[in-house]
Amino acid sequence: MGATSMDTLIVLGTSVAYGYSLFHFIATLLGRSAGLPKVMFYDSSTVVITLVLLGKLLEAQAKQTASKALREITKLESQTAHKIMGKKTTTISTRAVILDDLLEIRPGERIPVDGIIIEGESVVDESMLTGESMPVTKSSRDELIAGTINGNGVLRMKVTAIGKDTVLAHIQKLVRDATNAKPDIARLADSVSAVFVPFVLLAALITAGIWIRLGLPIDALGKTIAVLVVACPCALGLATPMAVIAGVGRAAKGGVLIRTAHALERAGNAALVVFDKTGTITKGKPTVVDAYISSKQDVRAIITVESASEHPLGQALLVWAREHHISQKDKANNITAIPGKGIEGNVGTNRIYIGTIEYMQEQQVTIPKQFEKKLTSWNHQSYTIVSGAVDKTLVALFAIDDPLRNEAKQVIHLLQATHHTPILLTGDKESVAKAKAQQVGIEKVIAEVKPEQKATTITNLREKNAEPVFMVGDGINDAPALAASDVGIAIGSGSAIAKATADMTILANNLNRIPFMIILSKRVMRTIKQNLVWAFGYNIILIPIAAGALTPFHITLTPPMAAFAMAASSLSVVFNSLRLSRIKIPDTVA
């Protein structure tokens with residue numbers, strides 16, 4: 001309140017020009033204009049205001065271009081939903097949907113709210129949220145996010161989040177917060193503007209005084225107006241926000257949400273990049289990577305019993321069986337689950353045992369020699385081994401692992417090539433952690449760390465290396481570590497991720513966004529500095545010219561010329577910032 005701003009100079013310049021002209025007009029009507037210079041400045045004030053408004057219009061259009069990706073996110077909301085009520089389906093407003101409702105999603109429809117699939121299989125286009133062009137296959141128990149588009153299958157889902165609690169709503173809030181926030185470097189522009197405007201007012205008074213003393217009052221008025229207009233630091237005010245808007249927009253288009261502008265500023269400075277293991281450099285989903293079986297007939301019996309289990313390892317076996325076209329055999333009965341060991345049941349006249357080798361030994365299952373060799377090999381590779389027996393004889397072994405993300409090795413190589421040090425931080429066993437780290441090329445491993453100790457580990461790394469730390473995790477059990485790091489980034493999708501304490505969230509679920517964000521951060525900061533240098537340089541050069549320093553050489557700036565130069569300076573800052581939209585995401589195997 002009462003502080004000077006960029007608009008102060010424009011208001012003063014045009015008011016002085018118009019005020020003098022109006023005063024001259026009234027004096028002429030009253031017959032008292034004798035002795036007053038006959039030069040008017042109506043045209044100057046009109047042209048200045050016109051050019052300023054034109055510049056503002058072009059700036060607004062450029063800002064819309066920069067924030068296009070952000071605006072598109074807000075258009076993803078569906079207005080209606082198909083609610084399942086018994087055997088009937090009724091179309092209702094999305095606002096009428098409540099938690100635990102059952103909804104039907106038809107082919108080609110947009111998902112109205114967040115939920116979990118309870119029936120059906122389809123592909124879902126998540127490109128507007130993740131930046132990934134390829135649709136994602138979805139089936140029972142998979143999560144659906146509001147705003148994504150169903151493919152050609154019919155899905156039935158249970159509602160898990162509505163209204164402001166959906167991932168889409170959190171995304172919109174994160175985007176608004178990030179674009180309205182200022183990085184630390186913005187304080188420089190703000191502090192300079194606070195001193196610069198009073199300085200310009202003083203310079204304008206000095207200019208007026210010098211030219212009046214030279215006996216040229218009209219020149220004094222014109223040059224004073226030119227100083228006020230050309231010195232308007234609009235470009236200075238746009239230098240930071242335009243780069244931030246463009247940077248946040250490019251990140252959102254690439255499937256990365258930025259919580260604060262400070263994170264965008266700091267990401268490019270992080271020298272240490274710490275990765276969680278499960279769900280970060282790995283896919284976070286147990287998968288059968290190898291199998292050794294005696295016959296498909298025996299495996300059918302094993303799968304029949306396992307189909308009654310909810311255990312993640314059991315689900316991995318079922319997925320493997322579907323991929324190898326091995327169907328269930330009849331029905332299982334007399335099923336007994338032994339927590340931490342395995343499950344057993346009858347299929348026909350056979351008793352089926354599934355579980356750990358230790359469980360098989362407890363049941364006095366015979367292990368043929370050919371299976372012993374495979375066990376030894378897999379144990380050296382740190383695989384989780386599930387065994388299956390029919391009537392006390394081992395007939396199948398399954399090696400289960402949490403496979404690496406396809407792009408993990410390339411991303412680690414990209415980081416090392418740009419002089420970043422990747423570190424693996426995990427609560428898993430050291431042997432398992434080192435095996436995974438070796439596969440992707442990470443040299444430093446910190447293993448067997450409890451979730452509550454990860455934050456302390458991050459702090460120690462920062463202090464020991466005296467370098468900023470970039471932490472990458474799944475955004476749930478890694479929340480304390482993400483918060484403790486200089487920049488925390490959660491990878492994956494889902495409401496838990498969107499609500500995490502991370503500074504950034506990768507909805508694209510691809511590690512290549514990490515080097516992308518480091519590159520983007522550096523380019524944003526470079527662009528802000530370029531903008532500030534241009535804005536300062538422009539004012540330093542043109543203020544003396546506007547004041548008349550080069551008048552003896554017949555070089556001068558009229559108020560309209562000053563207004564045009566001011567608008568051109570602002571637009572140069574805008575268009576320089578828009579170049580950020582061209583930054584490409586590093587290519588990796590997805």
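Looking at 376, 384, 457, which one is assigned by TED's automatic domain parsing to the domain that holds residue 513, of a type in the set (Ser, Thr, Tyr) and either at pLDDT 90 or above or over 23 Å from residue 488 (Cβ atoms) (or both)?
Details: 376 fails: assigned by TED's automatic domain parsing to the domain that holds residue 513; 384 fails: assigned by TED's automatic domain parsing to the domain that holds residue 513.
Only one candidate passes the filter, namely 457.
Collect the residues in region 426-456 that are of a type in the set (S, T, N, Q), in contact (Cβ under 8 Å) with a residue 40 or more places away in the chain and outside any loop (DSSP other than H, G, I, E, B), keeping them in residue-number order. Reasoning before the result, please.
Initial filter on region 426-456 (of a type in the set (S, T, N, Q)): 426, 431, 438-439, 453, 456.
Keeping just the survivors that are in contact (Cβ under 8 Å) with a residue 40 or more places away in the chain gives 426, 431.
Once the filter is applied, which keeps residues that are of a type in the set (S, T, N, Q), in contact (Cβ under 8 Å) with a residue 40 or more places away in the chain and outside any loop (DSSP other than H, G, I, E, B), region 426-456 yields only 431.
Among the candidates 354, 326, which residue alone is of a type outside the set (D, E, K, R), in contact with a helix residue (DSSP H, G or I) (Cβ under 6 Å, 6 or more places away or on another chain) and not in a strand (DSSP E or B)? If you could, list the steps in order and put the result at the bottom.
Details: 354 fails: not in a strand (DSSP E or B).
The match here is 326.
With the checklist (1) surrounded by fewer than 17 Cβ atoms within 10 Å (Cβ to Cβ); (2) assigned to a helix (DSSP H, G or I) in hand, flag the one item residue 320 doesn't pass.
Only one criterion in (1) surrounded by fewer than 17 Cβ atoms within 10 Å (Cβ to Cβ); (2) assigned to a helix (DSSP H, G or I) is unmet by residue 320, namely (1).
Given the residues 338, 357, 367, which is the only one that is under 48 Å from the mean Cα position of the chain (by Cα) and under 18 Å from residue 383 (Cβ atoms)?
Values: 338 fails: under 18 Å from residue 383 (Cβ atoms); 367 fails: under 48 Å from the mean Cα position of the chain (by Cα).
From the options 338, 357, 367, the qualifying one is 357.
Those residues that are in a loop (DSSP other than H, G, I, E, B), hydrophobic (A, V, I, L, M, F, W, C) and surrounded by fewer than 20 Cβ atoms within 10 Å (Cβ to Cβ), I need them from region 556-590; list them, please. Spell out the reasoning first.
If we filter region 556-590 for residues that are in a loop (DSSP other than H, G, I, E, B), which is where we start, we get 556-558, 583-590.
Filter again for hydrophobic (A, V, I, L, M, F, W, C), leaving 557, 583, 585, 589-590.
Selection gives 583, 589, 590.
Restricting to region 211-237, what's the tally of residues that are out of contact with any Gly (no Cβ under 8 Å at 6 or more places or on another chain) and at pLDDT 85 or above?
Residues that pass the stated criteria total 3.
Does residue 385 meet the test of being in contact with a Pro (Cβ under 7 Å, 6 or more places away or on another chain), more than 25 Å from residue 453 (Cα to Cα) and of a type in the set (A, V, I, L, M)?
Details: in contact with a Pro (Cβ under 7 Å, 6 or more places away or on another chain): no; more than 25 Å from residue 453 (Cα to Cα): yes; of a type in the set (A, V, I, L, M): yes.
No, not satisfied.
Just to check your reading of the model, which residue among 343, 303, 357 is surrounded by fewer than 20 Cβ atoms within 10 Å (Cβ to Cβ) and in contact (Cβ under 8 Å) with a residue 24 or more places away in the chain? Reasoning before the result, please.
On the way: 343 fails: surrounded by fewer than 20 Cβ atoms within 10 Å (Cβ to Cβ); 303 fails: surrounded by fewer than 20 Cβ atoms within 10 Å (Cβ to Cβ).
Testing whether each residue is surrounded by fewer than 20 Cβ atoms within 10 Å (Cβ to Cβ) and in contact (Cβ under 8 Å) with a residue 24 or more places away in the chain leaves just 357.
Looking at residue 207 and the list (1) part of a helix (DSSP H, G or I); (2) surrounded by fewer than 24 Cβ atoms within 10 Å (Cβ to Cβ), which single condition is not satisfied?
All conditions are met except number (2).
Take the residues of region 411-438 that are of a type outside the set (Val, Ile, Thr) and in contact with a strand residue (DSSP E or B) (Cβ under 6 Å, 6 or more places away or on another chain): which is nearest to residue 512 (Cα to Cα)? Lay out the reasoning, then the answer.
The first filter runs over region 411-438 and keeps only residues of a type outside the set (Val, Ile, Thr), leaving 413-417, 419-420, 422, 424-425, 427-431, 433-438.
Still in the running and in contact with a strand residue (DSSP E or B) (Cβ under 6 Å, 6 or more places away or on another chain): 415, 420, 422, 424-425, 433-434, 437.
Numbers: 415: 10, 420: 14, 422: 14, 424: 17, 425: 19, 433: 21, 434: 22, 437: 17 Å.
Across region 411-438, the extreme among qualifying residues is 415.
Restricting attention to region 136-169, and to residues there that are more than 20 Å from residue 100 (Cβ to Cβ) and polar (S, T, N, Q), which single residue is surrounded by the most Cβ atoms within 10 Å (Cβ to Cβ)?
Filtering first and then ranking leaves 148.
Do any residues in region 197-213 that are free of Cβ contacts under 8 Å to residues at least 40 places away in the same chain have Cβ atoms under 7 Å from those of residues that are surrounded by 15 or more Cβ atoms within 10 Å (Cβ to Cβ), where the two are at least six apart or on different chains, and which pairs are they?
Sorted first by the residue in region 197-213, then by its partner, the pairs are 208/220; 208/224; 212/220.
Exactly one condition in (1) more than 16 Å from residue 400 (Cα to Cα); (2) under 48 Å from the mean Cα position of the chain (by Cα); (3) not in a helix (DSSP H, G or I) is false for residue 300; which is it?
(3)
Hey, among the residues in region 499-552 that are in the same structural domain as residue 203 (by TED's automatic domain parsing) and in a loop (DSSP other than H, G, I, E, B), which one's surrounded by the most Cβ atoms within 10 Å (Cβ to Cβ)?
Per the criteria, the residue is 548.
Looking only at residues that are touching a Leu at 6+ places or on another chain (Cβ under 9 Å) and of a type in the set (Lys, Arg) in region 432-451, which one is surrounded by the most Cβ atoms within 10 Å (Cβ to Cβ)?
This residue is 436.
Which residues, taken from region 267-297, are in contact with a Pro (Cβ under 7 Å, 6 or more places away or on another chain), not basic (Lys, Arg) and not in a strand (DSSP E or B)? Full working, then the answer.
Of the residues in region 267-297, the ones in contact with a Pro (Cβ under 7 Å, 6 or more places away or on another chain) are 269-271, 273, 275, 282-283, 286-287, 289.
The next check asks that each one be not basic (Lys, Arg); those that pass are 269-271, 273, 275, 282, 286-287, 289.
If the condition is that a residue be in contact with a Pro (Cβ under 7 Å, 6 or more places away or on another chain), not basic (Lys, Arg) and not in a strand (DSSP E or B), then 269, 270, 271, 286 are the ones that fit.
Criterion first (touching a residue at least 12 places away in the same chain (Cβ under 8 Å), touching an Asp or Glu at 6+ places or on another chain (Cβ under 6 Å) and surrounded by 16 or more Cβ atoms within 10 Å (Cβ to Cβ)) does residue 314 satisfy it?
Values: touching a residue at least 12 places away in the same chain (Cβ under 8 Å): yes; touching an Asp or Glu at 6+ places or on another chain (Cβ under 6 Å): yes; surrounded by 16 or more Cβ atoms within 10 Å (Cβ to Cβ): yes.
Yes.
Which residue is nearest to residue 158 (Cα to Cα), if the candidates are limited to region 82-100 and must be under 30 Å from the mean Cα position of the chain (by Cα) and crowded, with 16+ Cβ neighbours inside 10 Å?
Ranking the qualifying residues of region 82-100, first place goes to 97.
What do you reckon, is residue 293 over 30 Å from residue 479 (Cβ atoms), assigned by TED's automatic domain parsing to the domain that holds residue 388 and modelled with pLDDT of 85 or more? Write out each step before concluding.
Values: over 30 Å from residue 479 (Cβ atoms): yes; assigned by TED's automatic domain parsing to the domain that holds residue 388: yes; modelled with pLDDT of 85 or more: yes.
Yes.
Identify all residues within region 257-272 that are in contact with a Ser or Thr (Cβ under 7 Å, 6 or more places away or on another chain) and crowded, with 24+ Cβ neighbours inside 10 Å; write none if there are none.
257, 264, 267
The values are calculated or read from the model by the stated rules, or taken from the named source; none is laboratory data. Please read these numbers as outputs of a predicted model, since none were measured by experiment. As a convention, Cβ positions derive from the backbone with ideal geometry for all residues, glycine included, and neighbour counts pool all protein chains shown.
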